[in-house]
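The values are calculated or read from the model by the stated rules, or taken from the named source; none is laboratory data. Only a predicted model underlies this, so the values are computations on that prediction, with no experimental measurement involved. Counting neighbours? That spans all protein chains shown, and the Cβs are built from the backbone with ideal geometry, glycine included.
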Amino acid sequence: MIPTDNKRPIRSYVIRSGRLTDSQRKALKSHWQDHVIEYETKLIDIDTVFPETGKLIIEIGFGMGDSLLTMAIENPDSNYIGIEVHKPGIGKLLHGITEQKLTNLKIVCHDAKEVMLNCFKAATIDKIQIYFPDPWPKKRHNKRRIIQPDFVELLERRLKQNGLIHLATDWEAYAEHILEVMESFEGLQNYCGDSNYWLQADRPGTKFERRGQELGHGVWDLLFEKC
Ligand SMILES: C[S@@+](CC[C@H](N)C(=O)[O-])C[C@H]1O[C@@H](n2cnc3c(N)ncnc32)[C@H](O)[C@@H]1O
């Protein structure tokens, strides 16, 4: 956890007390040991975790996991690790991984800030994706946004040269905040040109995105490359 001045970590999430469905509860019980990498303050041994070598793609905050599952099915040559703290979403994704017999998708159930700090070597990740992070729209909550300079620095260090960070949000003020934080970081460049959003982003839609669209929200995708 990244300590604050008064040593209390600022969390970018609240654990929601969403009810588990029977299927999610069963998946958590039966498939956890097969597809969840237990969080420890030590490096994940990627070669042991995945039977095949491939690009390493990390998704932070996958929610219910539908889009991550689709990507892992469509890209069997890449290896995916999804990081999430929301148990119903983890249960749902475990169900999907098992049903599809996927060996290229694993889960870590822990705060992504600590996972990124402790579990990955520098310059080992091909792509990091963060879709619809909680926008924390109230000014007094802005500090809980996961995209902050110190976290971006941590992500950049874990990326390989020319590695990518793909983000999306449905909150315009957060999109502007992300642009500002990412573009002021020297080691990253906006793949779409300064101040530009990625207009033709290629990724499956997410549950949170669909909910926002029903409410009339826009979508802003951003893509940055480690240079
Ligand atoms: C607004 S939801 C979006 C979920 C999904 N990406 C989607 O678009 O449907 C944000 C998710 O990020 C997760 N999250 C936020 N901060 C996190 C952190 N530090 N570590 C792990 N997960 C986090 C939350 O639990 C939540 O499920």
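Would you be able to say whether some residue in segment 180-198 is aliphatic (A, V, I, L, M), modelled with pLDDT of 95 or more and within 13 Å of the ligand (Cβ to nearest atom)?
Residues of segment 180-198 that are aliphatic (A, V, I, L, M), as a first pass: 181-182, 188.
Imposing the further condition that a residue be modelled with pLDDT of 95 or more reduces the set to 181-182, 188.
Restricting the remaining residues to those that are within 13 Å of the ligand (Cβ to nearest atom) gives none.
For segment 180-198, residues aliphatic (A, V, I, L, M), modelled with pLDDT of 95 or more and within 13 Å of the ligand (Cβ to nearest atom): absent.
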All but one of (1) modelled with pLDDT of 95 or more; (2) over 17 Å from the mean Cα position of the chain (by Cα) hold for Pro51, so report the exception by its number. (1)
What is the residue count in segment 133-148 for residues that are in a loop (DSSP other than H, G, I, E, B) and either touching a residue at least 40 places away in the same chain (Cβ under 8 Å) or within 13 Å of the ligand (Cβ to nearest atom) (or both)? 9
Is there a residue being surrounded by fewer than 23 Cβ atoms within 10 Å (Cβ to Cβ), more than 20 Å from Leu223 (Cβ to Cβ) and at pLDDT 95 or above anywhere in segment 153-166? no
Restricting segment 93-111 to residues that are of a type outside the set (Ser, Thr, Tyr), in contact (Cβ under 8 Å) with a residue 60 or more places away in the chain and out of contact with any Phe, Trp or Tyr (no Cβ under 9 Å at 6 or more places or on another chain), which is farthest from Glu74 (Cα to Cα)? His95
Candidates Lys42, Lys121, Lys113, filtered to the one that is away from the ligand (no atom under 15 Å from the Cβ), within 27 Å of Met182 (Cα to Cα) and in contact with a helix residue (DSSP H, G or I) (Cβ under 8 Å, 6 or more places away or on another chain): Lys121
Note on Lys7: of the conditions (1) away from the ligand (no atom under 15 Å from the Cβ); (2) at pLDDT 95 or above, unmet is (2)
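Tally up the residues in segment 68-87 that are surrounded by fewer than 22 Cβ atoms within 10 Å (Cβ to Cβ) and either within 14 Å of the ligand (Cβ to nearest atom) or among the hydrophobic types (A, V, I, L, M, F, W, C) (or both), please.
Pass one, segment 68-87, residues surrounded by fewer than 22 Cβ atoms within 10 Å (Cβ to Cβ): 70-71, 73-78, 85-87.
Restricting the remaining residues to those that are either within 14 Å of the ligand (Cβ to nearest atom) or among the hydrophobic types (A, V, I, L, M, F, W, C) (or both) gives 70-71, 73, 85-87.
Number satisfying all stated conditions: 6.
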Out of (1) touching a Phe, Trp or Tyr at 6+ places or on another chain (Cβ under 9 Å); (2) within 16 Å of the ligand (Cβ to nearest atom); (3) of a type outside the set (Phe, Trp, Tyr); (4) touching a residue at least 40 places away in the same chain (Cβ under 8 Å), the one Ile130 does not meet is (1)
Every pair of residues 6+ apart whose Cβ atoms lie under 6 Å, when the first sits in segment 76-87 and is closer than 16 Å to Thr124 by Cα while the second is part of a loop (DSSP other than H, G, I, E, B) and near the ligand (Cβ under 6 Å from one of its atoms): Gly82/Phe62
